Amino acid sequence: MPNETQEALKKALDKAKSISAAAQAKGGSWSEADLTAYTTAIDEAKSLKKVALAQAEADALSEWMAAPDGQAVMPRVGWGGSVLPGEGEQPQVKADKGKFEGELYATGRIGEQKLATLKSGAYKDAIDEYIRAASSQGRSMKASSMKVLQEGIDTGGGFWVPPDMRQEVVVKMASVINIRKAARSYTTSSEIMIFPKVVYTGDDIWPSGARPIWVAEAPAADFTEATNPIAGRAEIPVQTMVIPIILTRPMIEDSMFDILGYISDLAGQTVGLFEDQAFVAGDGVGKPQGIINHPNATVQSGVNGATGGMRVASGSASGFTWGTDTVKGLTAVEAALMPQYEANAKWYGVKQSYALIRALADTQGRPLWNVNDQFPTFTNGYAPTLLGYPIVKDAFFQTPSTTNNIGLILGDLQGYYIADRVGLSIVVDESIKRLRDEVVVYVRKRLGGQLVEDWRVKTCQTAAS
């Protein structure tokens with residue numbers, strides 16, 4: 001804005017303020033002369049404002065016409081960029097490689113200056129100007145705008161679109177967690193939870209080895225002593241799981257979404273999956289003992305619960321058979337589970353197991369698992385059952401395509417006991433790695449798990465017999 005216009009505008013405003021101050025000093029009493037003089041000063045200031053704005057617009061147009069070296073940057077038809085007339089190089093519009101491109105090529109990351117340029121309002125304005133220039137032949141760009149665009153060039157040489165970072169994180173959905181909601185959970189204040197237990201492995205019919213006897217009215221000899229229940233105990237040790245996540249402080253400060261909130265959500269989902277994996281397949285060493293690693297999981301189960309094992313052969317070394325007898329196949333697994341455990345029993349296995357069962361057919365190619373057995377269809381409301389028991393798909397059971405794997409079980413998982421010692425805790429520690437400018441997110445939980453009542457579960461192991 002020219003100095004003379006500024007001075008005139010300032011004098012008009014000062015005059016109006018002086019008149020107003022004098023009127024206030026008189027108790028807020030405005031004379032006719034005061035009001036006329038005040039209005040005249042304000043009108044004069046308004047007129048000068050219009051002049052000042054017009055002069056500022058003229059200055060902006062002059063600046064646009066005059067590039068730093070006296071030239072305007074013109075678009076070239078048929079190419080996705082802009083060059084100077086004559087296609088000569090213009091040093092001032094080249095990216096400063098030493099400040100940020102050098103860092104980009106050396107480390108594979110975007111330098112701070114480049115990132116600041118991409119996030120700036122000037123870069124977005126330059127993009128708009130570039131689009132208008134490119135769509136109208138003969139229209140030019142200011143060299144200052146071209147310089148801003150050059151600072152945002154990527155390694156391929158194209159212009160970067162201004163970033164539009166969303167708050168929603170693209171991430172895979174966690175698998176279904178099944179075992180905990182079906183198992184029996186306890187809270188403990190100790191590092192080991194102990195249950196008294198009656199040890200009896202003879203069969204799944206009697207609760208212990210003690211049997212009544214029939215006696216005559218006047219026996220000739222003393223009664224034979226019954227087999228006493230064998231005392232034992234089930235011990236569930238508490239184990240500790242941790243997830244140490246290290247973040248840089250700039251990552252937390254500069255992230256365009258709530259990265260600590262995301263880490264907390266991720267930890268909650270991951271811990272649940274990690275538990276489920278251990279409850280199914282844990283080896284019991286420093287972690288819960290999984291169902292398929294129970295000592296009786298591969299011990300043969302007798303017909304009608306005649307022995308205390310859990311295992312029933314699938315009838316095939318790489319899949320399942322429907323079953324033609326009482327020692328192998330799906331029908332044999334169902335027959336091995338005693339009636340007192342049927343009410344809450346379900347099938348558990350990987351999705352592949354159910355796919356193999358769905359493929360089983362009779363001699364005429366008709367599926368054995370059909371609508372009458374409640375394979376999920378529209379007609380039955382998608383209520384999946386197999387031989388009358390609900391099915392559950394769990395990603396952590398073994399695949400049935402390998403011999404001696406346990407890809408399917410049938411049972412009541414109230415027999416699996418979970419000991420919860422310390423619930424999920426998430427601690428953000430800013431001090432332990434402060435000298436590296438890093439923050440540690442430490443996720444921790446303590447619990448144990450074990451299949452205590454193994455007689456409630458039968459395993460289907462892929463084997464011919």
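Proximity of backbone amide H atoms, modeled 1.01 Å from N, is registered between LYS197 and GLY232, ARG233, ALA234 at under 5 Å, excluding neighbours fewer than 5 places apart on the same chain.
Dividing the C-alpha radius of gyration of segment 239-461 by 2.2 N^0.38 Å, with N its residue count, gives 1.28.
The Cα center of segment 189-226 and the Cα center of segment 347-371 differ in position by 42 Å. Here the 3J(HN,Hα) profile of segment 446-460, calculated from phi with Karplus coefficients 6.51, -1.76 and 1.60 at θ = phi - 60°, is 10, 6, x, x, 6, 7, 7, 9, 5, 5, 7, 10, 10, 9, 10 Hz, Gly and Pro shown as x.
Here segment 3-65 is treated as an ellipsoid with the same Cα gyration tensor; its semi-axes, largest first and in whole Å, are 33, 10, 7. Whole percent per 5 Å bin, from 0 to the bin with the longest distance: what is P(r) over all C-alpha pairs of segment 398-465? P(r) for segment 398-465, in whole percents per bin: 4, 14, 11, 12, 11, 11, 9, 8, 8, 8, 4, 1, 0.
Measuring nothing but alpha carbons in segment 346-465 and taking Rh as the Kirkwood radius, the Rg to Rh ratio lands at 1.20. Between ALA210 and MET173, the FRET efficiency from the beta-carbon distance, with R0 = 41 Å, is close to 0.20.
Each of THR201 and GLN340 was given a label point 7 Å from its Cα along the Cα-to-Cβ line. The distance between the two points is 2.0 nm. Legend: residue pairs LYS351/LYS445; LYS11/LYS142; LYS26/LYS49; LYS11/LYS50; LYS287/LYS433, Cα-Cα distance threshold 26 Å; pairs beyond threshold, LYS351/LYS445; LYS11/LYS142; LYS26/LYS49; LYS287/LYS433. Descending by average beta-carbon neighbour count within 10 Å, the peptides 7-15, 334-342, 191-199 line up as 334-342, 7-15, 191-199, the highest first.
Enclosing the Cα atoms of segment 170-218 in their convex hull gives a volume equal to 216 cubic angstrom per residue.
Where a number appears in this text, it was derived from the coordinates with a stated rule and is not lab data. Keep in mind it's a predicted model, so treat the numbers as computed, not measured. Here the Cβ is made from the backbone with ideal geometry for all residues, glycine too, and neighbour counts use every protein chain on show.
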